[in-house]
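Each remark here refers to the structure printed beneath this line.
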Amino acid sequence: MQRFLLLLLIVLAGCGGAAQPEIRASLDVIDAVNAGDAPGFARATAPRPFVFPADHGPHPTYRTEWWYYTGNLTSATGRHFGFQFTIFRQALSPEPVQRASDWATHTMYLGHLALTDVAGEQFYAYDRLSRGAAGLAGATGEPFRVFLEDWSVTGSGPEGMQMHLRAAEGEIALDLTLASTKPPVLQGEQGLSRKGSEEGNASYYYSLTRMATSGTIRVAGQSYTVQGLSWMDHEFGTSALDDDAVGWDWFAVQLDNGWDLMFARIRQADGSTSPFSHGSLIAPDGTTRHLDADDLQIEALDTWRSPHSGATYPARWRLTLPEADLVLELVPYLADQELPTNIIYWEGAVEISGTQGGQPVQGSGYVELTGYVTAQPGRF
């Protein structure tokens, strides 16, 4: 807990809206996940039923939770955008604060907002942090809503599967409607996603892998009407990675033929893949096949060195899934999609091509890379 409180203090000191060109602290998502002991919080130990819209909402008995959205959208003139919008909930204690103040809280909310403007060759990233009190940030399940000041997602319709996302900061703004076209995918073992060997080192995790999306994007003073596909992940738990885990590579693939693929590869210190890595292959009708750690072959074909953090990331990939006769190549729309926020990681839109069953396929997706940044002198 002390380690996470230190992380929060650093973030609080640096949060001020737009990301700065100079990295303010060399922190990684791993620091937030492996945040020390968490006595009193619930643990994910066995599969559980999911009920919607309630399970879109918060699960305060667990320490960590996030609502995560990415998408690839195109304007009528063919201008391509990628977006990421994430709200993290982190509980500081398992019980509400017993203090007569509107500002008293035991929960913090952190948000990340990013936009990739491919034609403009620009990547915009912003973060903000607030307490879950005084109407500044919070979440509900029925109806579904999660918000961080004026950044928000609200749900409507049966089971809350139609969502409205609004967020604006600096030079960018999103006003998007997302409607799920497939049933929720319960990741891992019926929604139980194990992170490590110790009992309870797991989270509950589901995805909406294909959300038809339309709305408006504003960037650098210009508005665009857009449409395309988005992806939602919702995860909650009280867990940590094993000691030899150094980061993860997460892939979300949406192919034009209706197939979707998710794979989360946990990297170990010796360069191998953790046996707790896993994924899903989702057919156009929503039928899902679970993928184990050794089912998907991942080959990095290129690298990119960040001029901001100095980290070297893989920058192009070949994914091979022999059992599905699927071979894909993923190429970032822009090389520089590293979030220069207080928690540093690479999260970017990718263009996809390849073959499935010997037939050509294409699509778009997102890749998240953590654990590649190390502390730099004068920046920590």
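The values are calculated or read from the model by the stated rules, or taken from the named source; none is laboratory data. Keep in mind it's a predicted model, so treat the numbers as computed, not measured. Reconstructed Cβ throughout: ideal geometry from the backbone, glycine too, with neighbour counts over all protein chains shown.
Scan region 149-186 for residues that are without any contact (Cβ under 8 Å) to a residue 12 or more places away in the chain and over 21 Å from ARG89 (Cα atoms) and the total you get is 1. So is ILE343 of a type outside the set (Gly, Ala, Ser) and farther than 26 Å from ASP244 by Cβ or not? Judged against the criteria, ILE343 is not a match. Among the conditions (1) surrounded by fewer than 21 Cβ atoms within 10 Å (Cβ to Cβ); (2) within 28 Å of VAL226 (Cβ to Cβ), the only one that LEU113 does not satisfy is (1).
What do you reckon, is ALA202 modelled with pLDDT under 95, surrounded by fewer than 21 Cβ atoms within 10 Å (Cβ to Cβ) and in contact with a Gly (Cβ under 9 Å, 6 or more places away or on another chain)? Give the steps one after another, and end with the answer.
Working: modelled with pLDDT under 95: yes; surrounded by fewer than 21 Cβ atoms within 10 Å (Cβ to Cβ): no; in contact with a Gly (Cβ under 9 Å, 6 or more places away or on another chain): yes.
It is false that ALA202 is modelled with pLDDT under 95, surrounded by fewer than 21 Cβ atoms within 10 Å (Cβ to Cβ) and in contact with a Gly (Cβ under 9 Å, 6 or more places away or on another chain).
Mind checking which residues of region 346-378 are assigned to a strand (DSSP E or B) and either at pLDDT below 95 or among the β-branched types (Val, Ile, Thr) (or both)? Selection gives VAL350, ILE352, THR355, VAL361, VAL367. Restricting attention to region 125-145, does a residue exist that is modelled with pLDDT of 95 or more, closer than 23 Å to ALA220 by Cβ, not in a strand (DSSP E or B) and not aromatic (Phe, Trp, Tyr)? No, there is no match, as no residue in region 125-145 is modelled with pLDDT of 95 or more, closer than 23 Å to ALA220 by Cβ, not in a strand (DSSP E or B) and not aromatic (Phe, Trp, Tyr).
Just the residues that are under 15 Å from ALA114 (Cα atoms), surrounded by fewer than 22 Cβ atoms within 10 Å (Cβ to Cβ) and of a type outside the set (A, V, I, L, M, F, W, C), please, taken from region 333-367. Result: TYR333, ASP336, PRO340.
Each row is one residue, and each column tells you yes or no for (1) among the charged types (D, E, K, R); (2) in contact with a Ser or Thr (Cβ under 7 Å, 6 or more places away or on another chain); (3) assigned to a loop (DSSP other than H, G, I, E, B); (4) more than 30 Å from PHE88 (Cα to Cα).
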position	(1), (2), (3), (4)
ALA300	no, no, no, no
LEU330	no, no, no, no
LEU334	no, yes, yes, no
ILE343	no, no, yes, no
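For beta carbons closer than 9 Å, sequence separation of 6+ or different chains, a first residue in region 278-291 that is closer than 18 Å to GLY363 by Cα and a second that is of a type in the set (Gly, Ala, Ser) and assigned to a strand (DSSP E or B), the qualifying pairs are SER280/SER207; ILE282/SER207.
Give me the residue from region 194-228 that is under 19 Å from THR288 (Cβ atoms) and either outside any strand (DSSP E or B) or basic (Lys, Arg) (or both) and, out of that set, farthest from the chain's Cα centre (by Cα). It comes out as ARG194. Only one of the numbered conditions (1) under 16 Å from the mean Cα position of the chain (by Cα); (2) under 27 Å from GLY228 (Cβ atoms) is violated by ASN342, and that is (2).
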